[in-house]
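A.B. asks: Once you've had a glance at the structure underneath, I'll fire off some questions.
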Amino acid sequence: MARELVGEWKIRDQAVADGLKQTSLRYFNVVKSGNAEFYDASPHNMFPLVFQALNAGEILEPVYNLGSGCGVSVRQIMGAVAEVTRIGFTAVDAARLPGDTARLVADGKLAVRDLDWKMRHSLTQMIHSAWEGSAQRRII
């Protein structure tokens with residue numbers, strides 16, 4: 001979390017120095033294509049909504065959290081991954097990394113208010129979508 005926050009500060013400071021507007025999108029458990037050929041112009045996707053607001057010259061908040069407001073543990077995510085992939089594995093418990101918080105939950109109320117954004121998929125649906133499109137799935 002600390003690295004991400006420092007990154008936001010750098011973006012903010014650079015925008016101030018250059019006289020630019022900026023906003024940061026805090027994604028939690030990102031599930032999206034990493035290929036530019038698969039641009040998603042859906043009005044339900046966060047990026048097109050933000051790009052549209054920026055192009056219209058609308059004033060945005062400096063930061064938007066994108067999340068349901070309900071936390072999901074790493075153990076719950078690993079359980080859902082095992083369920084969706086049908087590949088059994090044992091998750092290894094390890095200590096948090098330095099700077100990691102014990103609990104972090106994203107509340108998307110500002111994104112709902114300004115960008116008409118809302119959670120539309122469950123954790124299982126997001127993992128299933130990512131698994132269906134992953135190269136690793138085709139290898140196994």
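A.B. asks: Filter region 98-133 for residues that are open to solvent by 100 Å² or more (accessible area, probe 1.4 Å) and under 21 Å from ARG3 (Cα atoms) and give the result.
C.D. replies: Passing the criteria: PRO98, ARG103.
A.B. asks: Out of contact with any helix residue (DSSP H, G or I) (no Cβ under 6 Å at 6 or more places or on another chain), more than 20 Å from GLY71 (Cβ to Cβ) and at pLDDT below 60: is that true of ALA15 in this structure?
C.D. replies: Considered against the rule, which asks whether it is out of contact with any helix residue (DSSP H, G or I) (no Cβ under 6 Å at 6 or more places or on another chain), more than 20 Å from GLY71 (Cβ to Cβ) and at pLDDT below 60, ALA15 comes out as no.
A.B. asks: Go over the candidates VAL92, VAL84 one by one and state the one that is in contact (Cβ under 8 Å) with a residue 40 or more places away in the chain, hydrophobic (A, V, I, L, M, F, W, C) and more than 28 Å from LEU54 (Cα to Cα).
C.D. replies: Values: VAL92 fails: in contact (Cβ under 8 Å) with a residue 40 or more places away in the chain.
Of VAL92, VAL84, the one residue that is in contact (Cβ under 8 Å) with a residue 40 or more places away in the chain, hydrophobic (A, V, I, L, M, F, W, C) and more than 28 Å from LEU54 (Cα to Cα) is VAL84.
A.B. asks: For region 127-140, how many residues meet the condition of being assigned to a helix (DSSP H, G or I) and either among the β-branched types (Val, Ile, Thr) or under 30 Å from ALA56 (Cα atoms) (or both)?
C.D. replies: Number of matching residues: 2.
A.B. asks: Where in region 33-120 are the helices (runs of 4 or more DSSP H), entirely inside, with at least 2 residues that are modelled with pLDDT under 85?
C.D. replies: Because the criterion is at least 2 residues that are modelled with pLDDT under 85, the helices (runs of 4 or more DSSP H) in region 33-120 that meet it are 46-55.
A.B. asks: (1) more than 30 Å from GLN14 (Cβ to Cβ); (2) under 13 Å from the mean Cα position of the chain (by Cα): which one isn't true of VAL84, the others all being true?
C.D. replies: Tallying (1) more than 30 Å from GLN14 (Cβ to Cβ); (2) under 13 Å from the mean Cα position of the chain (by Cα), VAL84 fails exactly one: (2).
The values are calculated or read from the model by the stated rules, or taken from the named source; none is laboratory data. Keep in mind that this is a model prediction, so the values were computed, not measured. With ideal geometry, Cβ positions are generated from the backbone for all residues, glycine too; neighbour counts draw on all protein chains shown. The area values use the complete protein model at the heavy-atom level, side chains included, leaving out ligands, DNA and RNA. Shrake-Rupley method; radii C 1.70, N 1.55, O 1.52, S 1.80 Å.
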